[in-house]
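Inspection log for the structure reproduced underneath, given as structure tokens.
The values are calculated or read from the model by the stated rules, or taken from the named source; none is laboratory data. What you see is a predicted model; the values in this text were computed from it and never measured. FYI the Cβ positions are ideal-geometry reconstructions off the backbone, even for glycines, and counts take in every protein chain you see. Ligands, DNA and RNA are stripped out before the accessible areas are found, and what is left, the full protein with its side chains, is counted by its heavy atoms. Shrake-Rupley method; radii C 1.70, N 1.55, O 1.52, S 1.80 Å.
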Amino acid sequence: MAILHYQPPTSPYLDILYQDEDIVVLNKPSGLLSVPGRKKDHFDSLMSRVQAVWPLSCVVHRLDMMTSGVMVMSMHINATRHLNRQFAERTTGKYYIAVVDGHLKEDNGHIDFPLIVDWPNRPKQKVCYETGKASMTYYEVLNRYDINGHAVTRVKLTPITGRSHQLRVHMQQLGHPIIGDRLYAPDNIVALADRLNLHAEQLQIQHPKTEEWLTFYKKCDF
């Protein structure tokens, strides 16, 4: 599914939460690519903006274009290797905030649908019990309320694995798609918000030089 009318936000151009000689931590806005797309008019991204200031910086994980929130980038090759290992070994800690359609019945639970790319409809993902990769998400209900008479739930989502679109597909398959999700929600659920209501609110990593555990937080704005 192609990106139509890519108009990434420019204010603030970079929202820096923390920076030292080894890492830079930023709040990525909804609507901005994490890395450049294939087309020239999709070059603008968090990575290209950061590299314009720090040319040796590197992306070590990503957020979907319409997902906002905390991202860390390395500032040199040794930091890249250290952070890549943390994400590969799943030693980082992170959670997201989402607003989903309907009132979830249970206050918390696990979702474990295996996921694989839906090739005819890529970049969409789908559940496949034969060839899908194991995927697990823990959810916790924060609040149940209504938007203009439509039942919604605010949830904290903690991905145990890190598959592409994992949180979006898991909530859809649970019967509660994220509002504003143009890939996985029906039109009436998309219309409830002016953006995808998914935000990476907190990220915990081990500093690549000092090995101190650091926690970065950016409050959700929806």
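For the reader, a short list of remarks on this structure follows.
- Unsatisfied cross-links (Cα-Cα over 25 Å) in the set Lys40/Lys156; Lys94/Lys133; Lys94/Lys209; Lys124/Lys219; Lys124/Lys156; Lys39/Lys124: Lys40/Lys156; Lys124/Lys219
- Furthest towards positive pole of dipole, Pro208, Gln125, Ser11, structure part the chain, Cβ charges: Gln125
- The solvent-accessible area of Ser11, taken with every protein chain present and a 1.4 Å probe, is close to 110 Å².
- Cβ-based net charge around Pro159, under 10 Å, with every Lys or Arg adding one and every Asp or Glu removing one: +3
- Rg/Rg_ref, the chain, where Rg_ref = 2.2 N^0.38 Å and atoms are Cα: 1.01
- Other residues with beta-carbon under 11 Å from the beta-carbon of Leu63 carry, at +1 per Lys or Arg and -1 per Asp or Glu, a net charge of +2.
- Test item: Cα-centred dipole of the chain, Lys/Arg +1 and Asp/Glu -1 on Cβ, debye: 500
- Each Lys and Arg contributes +1 and each Asp and Glu -1, all at the Cβ; summed about the Cα centre of the stretch 116-178, the dipole is approximately 160 debye.
- Cα-Cα pairs of the stretch 76-139 separated by more than 16 Å (percent): 68
- Around Val35: net Lys/Arg minus Asp/Glu count, Cβ-Cβ under 14 Å: +3
- Radius of gyration and maximum dimension Dmax of the stretch 36-96, Cα, Å: 12.5, 35
- The stretch 1-35 and the stretch 55-126: distance between their alpha carbon centers, rounded to Å: 15
- Taken over the alpha carbons of the stretch 118-216 as equal point scatterers, the Debye sum produces base-10 log I(q)/I(0) values at 0.20 Å⁻¹ of -1.09.
- Each residue was assigned an accessible area with a 1.4 Å probe, and for Leu183 the value is about 30 Å².
- Diffusion coefficient of the stretch 1-123 by Stokes-Einstein, Kirkwood radius over Cα pairs, 37 °C, 0.692 mPa s: 199 µm²/s.
- Per-pair calculated FRET efficiency, R0 = 35 Å: Trp119 and Tyr217 via Cβ, rounded to 0.05: 0.40
- Ordered from longest to shortest, the equivalent ellipsoid semi-axes for the stretch 72-185 are 27, 18, 13 Å, each the square root of 5 times a Cα gyration tensor eigenvalue.
- Simple spin-label estimate for Asn78 and Thr10 gives 3.8 nm between the two label positions (7 Å along the Cα-to-Cβ direction from each Cα).
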